[in-house]
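Participant: Before I ask anything, here is the structure I am working with.
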Ligand SMILES: [Zn+2]
Ligand SMILES: [Zn+2]
């Protein structure tokens with residue numbers, strides 16, 4: 001599978017950022033303190049997700065609960081969704097900087113948080129793939145933040161990386177503005193297989209934020225229909 005994940009434009013953005021960092025040292029994406037992209041004080045405030053979590057969707061549950069009420073009523077098609085952190089301050093502000101303010105360099109820092117939290121989940125995986133953006137949105141942003149996370153994460157944990165398993169075929173409005181029902185409808189038929197070389201393999205989908213799981217669900221259904229043996233999801237931050 002191709003290892004080419006970063007477009008020439010993104011490479012240029014990366015080069016420009018590296019040069020810029022030499023002249024203007026990084027500032028914390030949350031508190032603006034000079035020195036690191038996430039300063040030690042803000043790093044300390046990150047809320048890591050720990051067991052017990054719903055064995056299906058990964059939300060924190062009471063210790064005697066195997067699955068949450070939502071998953072009991074409507075099981076996910078995914079084997080499981082897990083996340084590194086709770087989607088709250090400061091990680092929500094930091095993710096916003098990565099997605100909407102062009103702080104490309106945060107990709108590695110945030111991927112390393114996913115690596116740090118990964119060991120506790122024990123998920124069997126053969127290949128890692130990002131949730132794709134629609135090409136128009138990726139062109140505008142210059143990169144897909146989920147691909148930045150997925151590439152670095154797979155490299156660090158030693159898993160095969162397949163950047164192009166899926167493509168986004170529908171230009172969807174941002175999920176953040178929608179309720180659960182609208183989210184599911186918004187991403188319905190939004191994905192298609194772009195690279196079919198995952199038949200008989202267990203796929204791990206990577207995304208930055210998971211709220212209702214509808215994006216992961218829509219992407220997983222396409223992969224399962226096309227022969228993946230199991231699909232799991234892992235995201236940087238989970239809304240609870
Ligand atoms: Zn800070
Ligand atoms: Zn659940």
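The values are calculated or read from the model by the stated rules, or taken from the named source; none is laboratory data. In this text the structure is predicted, and so the values were computed from the model without any measurement. Neighbour counts are summed over all protein chains in view; Cβ atoms, including those assigned to glycine, are modelled from backbone coordinates with ideal geometry.
Participant: Can you name the strands (runs of 3 or more DSSP E) wholly within region 190-238 that have at least 2 residues being at pLDDT 95 or above and buried (at least 18 other Cβ atoms within 10 Å of the Cβ)?
Facilitator: So the answer is 202-210, 230-238.
Participant: Go through region 29-49 and give me each residue that's over 16 Å from residue 101 (Cβ atoms), more than 16 Å from ligand 2 (Cβ to nearest atom), in a loop (DSSP other than H, G, I, E, B) and modelled with pLDDT of 95 or more.
Facilitator: The answer is 33, 39, 45, 46, 47.
This table checks each residue for (1) out of contact with any helix residue (DSSP H, G or I) (no Cβ under 6 Å at 6 or more places or on another chain); (2) within 16 Å of ligand 1 (Cβ to nearest atom); (3) within 28 Å of residue 162 (Cα to Cα).
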site: 54; (1), (2), (3): no, no, yes
site: 60; (1), (2), (3): yes, no, no
site: 66; (1), (2), (3): yes, no, no
site: 70; (1), (2), (3): yes, no, no
site: 79; (1), (2), (3): yes, no, yes
site: 96; (1), (2), (3): yes, yes, yes
site: 99; (1), (2), (3): no, no, yes
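Participant: Could I ask something else about it? Between 111, 129, which is buried (at least 18 other Cβ atoms within 10 Å of the Cβ), more than 16 Å from ligand 1 (Cβ to nearest atom) and either part of a helix (DSSP H, G or I) or at positive phi (or both)?
Facilitator: One residue alone meets the criteria, 111.
Participant: Pick from region 19-28 the residues that are part of a loop (DSSP other than H, G, I, E, B) and either surrounded by 12 or more Cβ atoms within 10 Å (Cβ to Cβ) or at pLDDT 95 or above (or both): which of them is nearest to ligand 2 (Cβ to nearest atom)?
Facilitator: Here the answer is 28.
Participant: Continuing with the same structure: If I filter region 129-139 for residues that are closer than 18 Å to residue 232 by Cα and more than 15 Å from the chain's Cα centre (by Cα), do I get at least one hit?
Facilitator: Within region 129-139, none of the residues are closer than 18 Å to residue 232 by Cα and more than 15 Å from the chain's Cα centre (by Cα).
Participant: Here's something else I'd like to know. Across region 81-94, what is the number of residues that are under 17 Å from residue 47 (Cα atoms) and away from ligand 1 (no atom under 16 Å from the Cβ)?
Facilitator: The number of residues fulfilling the criteria is 5.
Participant: Shifting gears a bit: Taking residue 138 as meeting all but one of (1) in contact with a strand residue (DSSP E or B) (Cβ under 9 Å, 6 or more places away or on another chain); (2) under 28 Å from residue 53 (Cα atoms); (3) not in a loop (DSSP other than H, G, I, E, B), write down the number of the exception.
Facilitator: Failing condition for residue 138: (2).
Participant: Could you please find all residues in region 168-188 being in contact (Cβ under 8 Å) with a residue 24 or more places away in the chain and in contact with a helix residue (DSSP H, G or I) (Cβ under 8 Å, 6 or more places away or on another chain)?
Facilitator: Once the filter is applied, which keeps residues that are in contact (Cβ under 8 Å) with a residue 24 or more places away in the chain and in contact with a helix residue (DSSP H, G or I) (Cβ under 8 Å, 6 or more places away or on another chain), region 168-188 yields 168, 171, 172, 175, 180, 183, 184, 186, 187, 188.
Participant: Here's a follow-up. Those residues that are under 21 Å from residue 236 (Cβ atoms), more than 10 Å from ligand 2 (Cβ to nearest atom) and over 19 Å from the mean Cα position of the chain (by Cα), I need them from region 50-87; list them, please.
Facilitator: Matches in region 50-87: 51, 52.
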